[in-house]
Amino acid sequence: MAKITFITTDNETITLEGTSGSVMQLAVDNNVPGIDGDCGGVCSCATCHVHVAPEHVEKTGEASEIEQDMLELDDHANEYSRLCCQLEINDHLDGIVLQVAESD
Amino acid sequence: MKKSALSDPFEKARLEKGYGKMNDQDDPVTMILGLKEVRKCAHNWKTFQSGATPGRIVVPSEVNIRDTRQIPFEVDPPEHKGYRDLVEPWFKRPLEADYQRKLRQQMDEIVDEVLKKDTVEVVSDFSLRLQSRALTLLLNIPYEESEVWIGWGTHVFRSEDTALDGDKANILYDYIDEQISKAIETPGEDLYSMLLASEIDGRKLSREEVKGVMILTFAGGRDTVINAVTNSIAYFAEHPESLAQLKEHPEITGRAVEELIRYFAPLTHMGRVATKDTEVCAHAVKADSRISLCWASANRDTRAFENPNEIMLDRKLNPHVSFGFSTHNCLGATHARQIMHTLLISLAEKVKSIDIIDYKENIEELGEFKRKVGYDHISVKFHA
Ligand code: HEM
Ligand code: FES
């Protein structure tokens, strides 16, 4: 079980608990504003973009090259950016804080 | 080669140069072929604009058959955003439970119908019908209206012998004009009325702007959906094990939809006009000349896709660009994905196998390339 906190672009804090599946799915199932997950999690749409709190980057690990290539052309991306459909929920993610990224 | 396969005619040029060339009504096009380059150019709207002369970014060019600017498709940022924000919530309605329930009902009905028939010509008897009926949901208008659109035949702009047919296009434009007039007289809950009541920067949308959105909604969602559905039927005909797989593992349906759409890339490419002298793939592109973003080629780029010429229904990482990329990514994607999702669920539940009886491929001529994009017609027999 992992507790995951989303901070929306309106600065609303939403904490959710999940056991499996992707972080994107957890967010979509709970209507977290700004996480749309249009492509269902295959890394094609970038509508699941979050910024990982700097102190938690270690927990999420690094983005794959395919994910990095998607983020590279996102105007709101920075070094803490992840597509959260690529984050599998497991105990390791417990306690992470994710800032939902702006979109165009 | 299997009957349902779509080969990748761009491979050699993509690997060797990264671009290809085609002529189109004396307004040549440099086709960009690699995934990274396609994305970069799609993102770079300042250098590669959509807001050129109406019709010019479409290949084949529609400059000679229309003057109405399609919105938001032929508008660049920052104006693009105002239009897009206005229509986006409407085009997300396919996520609503009621919409999905109605779509499911339409789908089950048409699948039941074709199961009863001896042979079915998929393009006109299945895909066009289902596309037209589903569009009534997106526009929020009575189901019966789909009969009118089905009556137009498969190609609003294309006829048998010419790629671009002004007369056919006029049928659509006249129809839309008429519908707008009706919505002005008696506003309802439909897309026309919503647009007519909308404001942008504190002013009402003009009639011409409403027309621009509606033409695009009709044109953009027709051949694309028809090709996606028809190609999928051909694929399942040759892969009954895939229907069984979907039946047993409905949880992969979402991935299967993305994979079919990646592989079939129903819209081969889309143009842009260079705003200045520039370079792509070490190739000079002159100001006011055209490039195209070749989604179909990018989707077969081995740098991003393992075994790109194979359909792997449960492909996990699938950064395809069939719905475009960046600013102008497909506004109808939610609707299109929902159609495909519902189709797969319904087929998996009801259909055991499909036999292909006879078919004629629809091949696009793109200068040095020839690409199969679907079928002119394909007759099949569905088995329960
Ligand atoms: C499988 C079906 C479909 C495919 C493959 C597809 C593909 C695409 C692509 C590649 C683009 C990007 C064009 C560009 O960058 O210039 C696009 C844009 C667009 N599509 Fe689709 N499309 C599909 C279905 C639909 C449907 C059903 C509709 C509406 C009924 C639609 C409406 C639009 C609109 C309005 C845009 C322009 C968005 C903008 O400029 O902001 N499409 N589509
Ligand atoms: S949900 Fe589409 S990229 Fe993450």
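The values are calculated or read from the model by the stated rules, or taken from the named source; none is laboratory data. The model shown is predicted, which means the values in this text are computed figures rather than measured ones. Using ideal geometry, Cβ is built from the backbone for each residue, glycine included, and neighbour counts are taken over all protein chains shown.
What to note about this one:
- Of all residues in the stretch B:206-229, those satisfying the criterion of being in contact (Cβ under 8 Å) with a residue 60 or more places away in the chain and either among the aliphatic types (A, V, I, L, M) or touching a His at 6+ places or on another chain (Cβ under 9 Å) (or both) are B:Val213, B:Ile215, B:Leu216, B:Ala219, B:Gly221, B:Arg222, B:Asp223, B:Val225, B:Ile226, B:Ala228, B:Val229.
- Taking each residue of the stretch A:29-46 that is under 12 Å from B:Leu317 (Cβ atoms) and within 6 Å of ligand 2 (Cβ to nearest atom) and looking for partners that are in a loop (DSSP other than H, G, I, E, B) and of a type outside the set (S, T, N, Q) with beta-carbon atoms closer than 7 Å, six or more apart or interchain, yields A:Cys39/A:Cys45; A:Cys43/B:Leu317; A:Cys43/B:Pro319; A:Ser44/B:Pro319; A:Ser44/B:His320.
- Restricting the stretch B:25-45 to residues that are without any contact (Cβ under 8 Å) to a residue 60 or more places away in the chain and more than 14 Å from chain A (Cβ to nearest Cβ), the residue that is surrounded by the fewest Cβ atoms within 10 Å (Cβ to Cβ): B:Asp26
- The single condition from (1) more than 13 Å from every other protein chain (Cβ to nearest Cβ); (2) within 16 Å of ligand 1 (Cβ to nearest atom) that A:Gly40 fails is (1).
- Flag if B:Ala265 is within 14 Å of another protein chain (Cβ to nearest Cβ) and either in contact with a helix residue (DSSP H, G or I) (Cβ under 9 Å, 6 or more places away or on another chain) or over 24 Å from B:His335 (Cβ atoms) (or both): yes
- Some residue of the stretch B:319-332 being more than 16 Å from ligand 2 (Cβ to nearest atom), at the interface with chain A (Cβ under 9 Å from one of its Cβ atoms) and not aromatic (Phe, Trp, Tyr): yes
A quick yes/no check of all residues on (1) at pLDDT 95 or above; (2) among the small types (Gly, Ala, Ser):
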| residue | (1), (2) |
| --- | --- |
| B:Asp174 | no, no |
| B:Pro187 | yes, no |
| B:Tyr192 | yes, no |
| B:Leu195 | yes, no |
| B:Glu209 | yes, no |
| B:Ile233 | yes, no |
| B:Ala237 | yes, yes |
| B:Leu243 | yes, no |
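- Single residue of the stretch A:14-32 satisfying the filter (away from chain B (no Cβ under 13 Å) and more than 20 Å from A:Lys59 (Cα to Cα)) that is farthest from ligand 1 (Cβ to nearest atom): A:Asn30
- Residue identified as charged (D, E, K, R) and touching a Leu at 6+ places or on another chain (Cβ under 8 Å) among B:Arg315, B:Arg290, B:Arg272: B:Arg272
- When A:Asp69 is tested against (1) away from ligand 1 (no atom under 16 Å from the Cβ); (2) within 27 Å of B:Asn299 (Cβ to Cβ); (3) part of a loop (DSSP other than H, G, I, E, B), only condition (3) is not met.
- Sole exception among (1) away from ligand 2 (no atom under 13 Å from the Cβ); (2) in contact (Cβ under 8 Å) with a residue 24 or more places away in the chain; (3) within 26 Å of B:Gln338 (Cα to Cα); (4) away from every other protein chain (no Cβ under 14 Å) for A:Ala53, by number: (3)
- Subset tally (residues that are part of a helix (DSSP H, G or I) and either farther than 23 Å from B:Asn231 by Cβ or of a type in the set (Ser, Thr, Tyr) (or both)) for the stretch B:126-148: 10
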